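Trainee: Structure in structure tokens, see below.
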Amino acid sequence: MLKKIAVGTLEFVGRYTIDMVKAIGLMGEFVGDTMKWLSRKPLRMGAAVDQMVEVGANSFPVVFFTAMFTGMVLALQSHTGFKRFGAESMVGTVVGLSMTRELGPVLTALVVTGRAGSAMTAQLGTMRVTEQIDALYTLAANPIKYLVVPRVIAGTLMLPVLTVMADFVGILGGFVVAVMLLGANPVLYMEKTFEFMEYNDMFSGLLKSMVFGFIISVVGCYQGFYTEGGAEGVGTATTKSVVMGFMLIFLANYILTALLFSNGGGGAKF
Amino acid sequence: MIFCENLYKAFGDNHVLQGVDLHIKRGESMVIIGGSGTGKSVLIKHIIGLLSPDAGRVTVDGQVVGDLHEDELNEMRKKFGMLFQGAALFDSLTVGGNVGFALKEHTDLAQSKIDERVKECLEMVGMKDVERLMPAELSGGMKKRVGLARAIAMNPQIILFDEPTTGLDPVMADVINDLIIKTTRALKVTSVTITHDMVSANRIADRIAMLYQGKIVAIGTPDEVMFNQTNPAVREFVEIGRIIRQTEAVQGRHIGAQ
């Protein structure tokens, strides 16, 4: 009996490890192919612009809403805490730094993963199960070049744009709450917002967001590209895409934060 | 023209192809029959290089498909046209965009010339003034016709038909069979059709090959496959075809003369 359980466990671990290694290999190959086609001209910039509209412009309302309310709630929360030791004037600083360094890039990335990354998976997954991707191959057209590269370009370029917008809207949301509800002085609030902000805060946030954009689009396309099993498979792939995207964003966020802020920025060394 | 030699392919524990040998001659209409899940689609995908065999090889015009680099494979694929089971039209492109896709990507033709060729191909499959429609606006039969127009747009030497009549009503299936016969004869191409529809096989085949348990178990002219087989699996599968041919013989007309 014990032997049976031990063998079963070993089999499970073995199979899981093999599947995992296979998946990592496939993903590595996919990223390699994508980078290869990214470096080959001509790039399909028309398709990339269409995808920029999809990833960028169409995500604008939901990013705006998320950033606005995050900035507002951040002002409310920090004001409540800071009031206890008379540091209400630092609310603007906290909102500004939190939005540019962390919340702007991360929240934008999460929102875009749910909205655009999942859409990429669903689109490519549907194309896979309806043999449209095979049809591209038979027409001597490489699907990575035609479908993946424009999406990766769009994701990588549009995330920083959305992040700048989210930073701005978040700071604005905090300003509105602080000035209109909490009675802060508008000039002093804005002064404090930018007093401690450094070029690196904004730059590192944008760099992070570019990496997040790349992750979202590659994961979204990868999951769609290898979809199996009809409509149900498309649903499963879409869920996997969002979960995997979230996990990789949090992982990359920690690594990038540790790298970018470790020299004089107060970040941890890992 | 096309040689499949000792092809093996497995997906996990499912051994789909187990030593397939098949020779398709230039200019002939080869129909590969077999039940669902016997590996017909897998076989046809090996021919055009969408799948790689675990063992064995496919040769097209002397080139071993598995040995070709990406660019060479793409050049080889330009010899092919393929009609997919569900037509596989690109949802995001119009009918005109679908039919003219390869012309736009692989030729230097001006847009006006591409439009002319698209119109010509659509007319060959009996469709007019549909260039601006989206695939979602088409019926199943119309999609197949547009898929056929896309397959012939680059003047291919070989056309692959993946279950061309599946999912169509008998009248539309007949229309598609007629179109296959008409276009392949007009363009003088080699055609490879996979189907489990014996009516269709009867209509379009110069030769029929039956795939069963991962191997080709019968091959020959329709009459040879329908009447001269001792294998019970083959006899059972082609029974409807045999009845059709006998009925036609009684009626005094031969399907091949049409």
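The values are calculated or read from the model by the stated rules, or taken from the named source; none is laboratory data. Bear in mind that the values here come from a model prediction, so they are computed numbers and not experimental data. So basically every Cβ, Gly included, is an ideal-geometry build from the backbone, and we count neighbours across all protein chains shown. We work out accessible area using only protein heavy atoms, side chains counted, and drop any ligands, DNA or RNA first. Shrake-Rupley method; radii C 1.70, N 1.55, O 1.52, S 1.80 Å.
Trainee: Would you mind listing the helices (runs of 4 or more DSSP H) fully within region A:94-185 where at least 1 residues are among the acidic types (Asp, Glu)? So that I can check it myself, show each step before the final result.
Mentor: Values: elements: A:104-112, A:118-129, A:132-138, A:149-176.
Per the criteria, A:132-138, A:149-176.
Trainee: Give just the number: which of (1) open to solvent by 10 Å² or more (accessible area, probe 1.4 Å); (2) within 30 Å of B:Leu73 (Cα to Cα) does A:Tyr199 not satisfy?
Mentor: (2)
Trainee: Can you tell me which residue in region B:217-251 is nearest to B:Ala201 (Cα to Cα), limited to those that are open to solvent by 70 Å² or more (accessible area, probe 1.4 Å) and outside any helix (DSSP H, G or I)?
Mentor: If we take residues in region B:217-251 being open to solvent by 70 Å² or more (accessible area, probe 1.4 Å) and outside any helix (DSSP H, G or I), then B:Ile219 is nearest to B:Ala201 (Cα to Cα).
Trainee: For region B:68-94, which residues satisfy the criterion of being among the charged types (D, E, K, R) and either in a loop (DSSP other than H, G, I, E, B) or within 7 Å of another protein chain (Cβ to nearest Cβ) (or both)? Walk me through it before giving the result.
Mentor: In the first step, residues of region B:68-94 are kept if they are among the charged types (D, E, K, R); the result is B:70-72, B:75, B:77-79, B:91.
Listed by number, the residues that qualify are B:Arg77, B:Lys78, B:Lys79, B:Asp91.
Trainee: While we're looking at this one, here's another question. Consider A:Met72 carefully, then state whether it is farther than 15 Å from A:Phe168 by Cα and hydrophobic (A, V, I, L, M, F, W, C). Walk me through it before giving the result.
Mentor: Values: farther than 15 Å from A:Phe168 by Cα: no; hydrophobic (A, V, I, L, M, F, W, C): yes.
For A:Met72, the condition - farther than 15 Å from A:Phe168 by Cα and hydrophobic (A, V, I, L, M, F, W, C) - is not met.
Trainee: Looking at (1) assigned to a loop (DSSP other than H, G, I, E, B); (2) of a type in the set (D, E, K, R); (3) within 12 Å of chain A (Cβ to nearest Cβ), find the lone condition where B:Lys45 falls short.
Mentor: (1)
Trainee: Right, here's the next one. It is to be established whether one or more residues within region A:155-166 are out of contact with any Lys or Arg (no Cβ under 6 Å at 6 or more places or on another chain), within 24 Å of A:Thr236 (Cα to Cα) and either crowded, with 21+ Cβ neighbours inside 10 Å or more than 14 Å from chain B (Cβ to nearest Cβ) (or both). Let's see the steps before the verdict.
Mentor: Quick first cut of region A:155-166, residues out of contact with any Lys or Arg (no Cβ under 6 Å at 6 or more places or on another chain) only: A:155-166.
Still in the list and also within 24 Å of A:Thr236 (Cα to Cα): A:155.
Checking the rest, the ones that are also either crowded, with 21+ Cβ neighbours inside 10 Å or more than 14 Å from chain B (Cβ to nearest Cβ) (or both) come to A:155.
Checked region A:155-166: at least one residue is out of contact with any Lys or Arg (no Cβ under 6 Å at 6 or more places or on another chain), within 24 Å of A:Thr236 (Cα to Cα) and either crowded, with 21+ Cβ neighbours inside 10 Å or more than 14 Å from chain B (Cβ to nearest Cβ) (or both).
Trainee: From the list B:Asn6, B:Asn14, pick out the single residue that is farther than 21 Å from A:Thr130 by Cβ, within 14 Å of another protein chain (Cβ to nearest Cβ), more than 19 Å from the chain's Cα centre (by Cα) and open to solvent by 20 Å² or more (accessible area, probe 1.4 Å). Full working, then the answer.
Mentor: On the way: B:Asn6 fails: within 14 Å of another protein chain (Cβ to nearest Cβ).
Criteria check complete, one pass: B:Asn14.
Trainee: Identify the residue in region B:95-117 that is touching a helix residue (DSSP H, G or I) at 6+ places or on another chain (Cβ under 7 Å) and of a type in the set (Lys, Arg) and, among all such residues, is nearest to the other protein chains (Cβ to nearest Cβ).
Mentor: Step by step, filter region B:95-117, then rank; the result is B:Lys104.
Trainee: Please go through region A:63-89 and give me each residue that is among the hydrophobic types (A, V, I, L, M, F, W, C), assigned to a helix (DSSP H, G or I) and open to solvent by 60 Å² or more (accessible area, probe 1.4 Å), ordered by number. Before you say what the answer is, go through the steps one by one.
Mentor: Initially, region A:63-89 is screened for residues among the hydrophobic types (A, V, I, L, M, F, W, C), giving A:63-65, A:67-69, A:72-76, A:82, A:85, A:87.
Cutting the leftovers down to assigned to a helix (DSSP H, G or I) gives us A:63-65, A:67-69, A:72-76, A:82.
Listed by number, the residues that qualify are A:Phe64, A:Phe65, A:Phe69, A:Val73, A:Leu76.
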